1. Check whether at least one residue in the range 63-74 is touching a residue at least 12 places away in the same chain (Cβ under 8 Å) and crowded, with 18+ Cβ neighbours inside 10 Å, and report yes or no.
2. Regarding GLN110, is this residue within 29 Å of LEU127 (Cα to Cα), exposed (fewer than 14 other Cβ atoms within 10 Å of the Cβ) and either within 26 Å of the chain's Cα centre (by Cα) or in contact (Cβ under 8 Å) with a residue 60 or more places away in the chain (or both)?
3. Can you run down the residue pairs with Cβ atoms below 7 Å, 6 or more apart or on separate chains, where the first is in the range 275-286 and assigned by TED's automatic domain parsing to the domain that holds ALA135 and the partner is among the aliphatic types (A, V, I, L, M) and surrounded by fewer than 18 Cβ atoms within 10 Å (Cβ to Cβ)?
4. Just one of (1) in the same structural domain as ILE232 (by TED's automatic domain parsing); (2) at pLDDT below 90 trips up PHE93, so point out which.
5. Of all residues in the range 207-216 being within 33 Å of the chain's Cα centre (by Cα) and under 26 Å from ALA141 (Cβ atoms), which is surrounded by the most Cβ atoms within 10 Å (Cβ to Cβ)?
6. Consider ARG171 carefully, then state whether it is basic (Lys, Arg) and touching a Ser or Thr at 6+ places or on another chain (Cβ under 9 Å).
7. Could you list, in sequence order, all residues of the range 221-235 that are touching a strand residue (DSSP E or B) at 6+ places or on another chain (Cβ under 7 Å) and aliphatic (A, V, I, L, M)?
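The values are calculated or read from the model by the stated rules, or taken from the named source; none is laboratory data. Keep in mind the model is a prediction, meaning the values are calculated, not measured. Please note: Cβ atoms are built from the backbone with ideal geometry, for glycine as well, and neighbour counts cover all protein chains shown.
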Amino acid sequence: MVAEEGHVTRAAERLRVAQPALTQQIKALEAELRTPLLRRVGRGIELTEAGLVFWREAQAILDRVRAACLIAQQTARGLAGRLAIGLTETASFAAPVTAVLKQARERWPQVEFSLVQARSNDLVPALVERRIDIAFMRSPAPDTTALHSQTFLSEGLVVVAPDTHPLAAQRSIDLAALDGQPIVLPRGRSGDATLRTQLVAAFAAAGCELRVVQETPEYLMAINLAAAGIGIALVPAVLGGLRRDGVVYRSLRCTPPLLTEIIVVSRAGDPAPAVANFMALAAELAPRSLQRLRPSKPA
């Protein structure tokens, strides 16, 4: 304040302290630094060379303190900080999932987002071990009280057939049409066993044979194998917009419909405001109508 006013008395008035007390503080600071910071010029006061450098550095420190206070307040409201988000392969293709990621970046530009793609079996321990904060993955929900999950979207399956296959001419394919057909299915994910159980039950109910000729570690590989003519793949509807030469995507007619879910998972009771904000946003933007994600009904 003395540097700004160039006068001790005016500085004391602005600070609302007694002039002698302000003078003593200045002398104490100079004694601590072992160098004069101010010198008298006529009736005023100016900074010495050392005082000028110290004043600039002190201003920068005060600016940092103010910035630190602001960042701390923003972090406490979830408006700043870091958020690591995991996604499975198919979740990264889901437009509603990417819409949440885009909206989160726009709402909270001060939050540093990092994305990790992995299998559900790897995302669960990553959450528990605090290597990531949130994950989009396939159901079923992890069987642990350490994690909290909520349904984000539910979708049907689509049939991926070689474009030379007789079924490719149909606009939609009935489950009964797959009786005895060579089927390519993914294997090895936490949600694959559930899907396999649903398929076995659906085929049995329709009096059909589920003939699995190849199991794959990834849905994309299943699509590639369908393109190679090895079999017909059954994949989540979000992959129906994936362009791939040699295949066609057709909706699957089945009663009741075969559905699979994408869930969003976080640590139970996580106190981080940014996590709470993101989970609330995911709930807000979760698709209300899922018809466009399910296989279309035949005309």
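1. No, the range 63-74 contains no residue that is touching a residue at least 12 places away in the same chain (Cβ under 8 Å) and crowded, with 18+ Cβ neighbours inside 10 Å.
2. Details: within 29 Å of LEU127 (Cα to Cα): yes; exposed (fewer than 14 other Cβ atoms within 10 Å of the Cβ): yes; either within 26 Å of the chain's Cα centre (by Cα) or in contact (Cβ under 8 Å) with a residue 60 or more places away in the chain (or both): yes.
In short, yes.
3. Taking only residues 6 or more apart or on different chains, the pairs are LEU285/ALA99.
4. The failed condition is (1).
5. Here is the first cut: in the range 207-216, the ones within 33 Å of the chain's Cα centre (by Cα) are 214-216.
Of the ones still in play, those that are also under 26 Å from ALA141 (Cβ atoms) are 215-216.
Values: GLU215: 15, THR216: 18.
Per the criteria, the residue is THR216.
6. Working: basic (Lys, Arg): yes; touching a Ser or Thr at 6+ places or on another chain (Cβ under 9 Å): yes.
It is true that ARG171 is basic (Lys, Arg) and touching a Ser or Thr at 6+ places or on another chain (Cβ under 9 Å).
7. Quick first cut of the range 221-235, residues touching a strand residue (DSSP E or B) at 6+ places or on another chain (Cβ under 7 Å) only: 222-223, 225-227, 229-235.
Listed by number, the residues that qualify are ALA222, ILE223, LEU225, ALA226, ALA227, ILE230, ILE232, ALA233, LEU234, VAL235.
Conditions tested, residue by residue: (1) more than 29 Å from the chain's Cα centre (by Cα); (2) farther than 17 Å from ARG138 by Cα; (3) modelled with pLDDT under 90.
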| position | (1), (2), (3) |
| --- | --- |
| VAL200 | yes, yes, yes |
| LEU234 | no, no, no |
| VAL247 | yes, yes, no |
| LYS297 | yes, yes, yes |
